[in-house]
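Reviewing the structure listed below.
The values are calculated or read from the model by the stated rules, or taken from the named source; none is laboratory data. Just so we're clear, the structure is a prediction, and the values are computed from it rather than from any experiment. Don't worry about glycine lacking a Cβ; one is built from the backbone with ideal geometry, like all the others, and counts go over all protein chains shown. SASA here: full protein model, heavy atoms, side chains in, ligands and nucleic acids out. Shrake-Rupley method; radii C 1.70, N 1.55, O 1.52, S 1.80 Å.
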Amino acid sequence: MADESGRTLVCSVLFLDLIGYSKKAVAEQHEAKHQFNSALTEALDLLKRRDRVIVDTGDGAAVVFLGDPEDAMIVGLAMREGRVAMRLGINLGPVRLISDLNDQTNVIGDGINVAQRIMSFAEPGQLLVSHSYYEVVTRVSEHYKRIFLRVGKMQDKHVRDHDIYLVDDEVRLGEDDVLAPRAEAAAPREPAKVADTGANLMISGSSRSSVEEMLRKLVAQGASALSQPGQVGAKWYASCSHPSKAQFDCKVENVGLKRVITGPSRQAVADKVADLVSYGAKQVGDIEEVDGRWTAICDTQR
């Protein structure tokens, strides 16, 4: 890569971060990094090309692909399928190759910085990509358009917005297709799950009806639907805004000498109960979920 040093290139960058690495003992960190390095070597061996730069970040790595943007997706999916727990993010952007103090090739620039931001938004095991990468890779093949779900805009600690896309969890590396949805027996209907992405809420489920049901509940609480249920791989997804702030406020109703507190989350109700207890009330029983609302009862004793 010496001949490329000093040049600014537009590259695909895969950023990988080991989960809980900093909390491990030194011996455990050594073993985790060994497993990670071995897995990354095997994933990179899937590619015929060697036009890449690997930057060791201590608790992970950044791989800068100088050629085909698909390479980042192939390696990202291979790493996601491994046994090592990590977060993954891909971005397409400008980077500059430089020589560090050890005369080794290193990488700086917005392309790698944004890749790290995209990765930081991921939950453990998730592979997220930036809008710039999505725009390019979905023009490589129609197949790619079926594996992404738009999460929406998210803001990093530098108050910079990023449009984020999730690579469907069911997508795996295939033998004939580079990317192929995993074939599985139909799963029993389960309630849809709601993930807080910061800017909005993402709903996922095994069936359209479960996602629609959850979306209706959130809209009834004041949310606005941002996308209707759509299928990506074997799952259904939708997104919506956060319910209005009023919906997050707890309600307190007087019933005789008791007060019934209801709210959208256990923590919200617990905080309100703590306020009442500080004024002499006594909590009666546990905080429980009743008809989709968390509920607690306090005895005012007066």
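How large a share of the accessible area of the chain, in percent, is made up of carbon and sulfur atoms when the probe is 1.4 Å and the other protein chains stay in place? Don't jump to the answer; show the numbers that get you there.
On the way: 8020 of 16510 Å².
Reported share for carbon and sulfur atoms: 49 percent.
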message = Below 8 Å, C-alpha to C-alpha, sequence gap of six or more: please give me the relative contact order for the chain in percent.
response = 12
query = Rounded, prolate or oblate: which one fits the range 49-92, using the alpha carbon gyration tensor with axes a ≥ b ≥ c (rounded when a/c is under 1.5, else prolate when a/b beats b/c, else oblate)?
reply = oblate
task = Could you calculate the contour length gain from R49 to R146, that is, 0.36 nm times the residue separation minus the distance between their Cα atoms, to one decimal place in nm?
result = 32.3 nm
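Averaged per residue, what accessible area in Å² does the chain show with a 1.4 Å probe, protein chains only? Mind showing how you got there, number by number?
On the way: 16510 Å² over 302 residues.
The answer is 55 Å² per residue.
Given just the C-alpha atoms of the chain, how large is their convex hull per residue in cubic angstrom? Write out the running numbers ahead of the final one.
Details: hull volume 55.2 nm³, N = 302.
Output value, Cα hull per residue: 183 Å³.
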request  = Could you name the lysines whose alpha carbon sits less than 19 Å from that of K235, not counting residues in the same chain fewer than 8 places away?
outcome  = K145, K193
task = For V290 paired with S209, estimate the spin-label separation in nm (one decimal), with each label point 7 Å from Cα along the Cα-to-Cβ line.
result = 2.9
task = Subtract the Cα-Cα distance of V26 and A225 from 0.36 nm times their separation in residues, and report this length gain in nm to one decimal.
result = 67.0 nm
query = Going by accessible area, probe 1.4 Å, with all protein chains left in place, what is the ranking of E70, E213, E42, largest first?
reply = E42, E213, E70
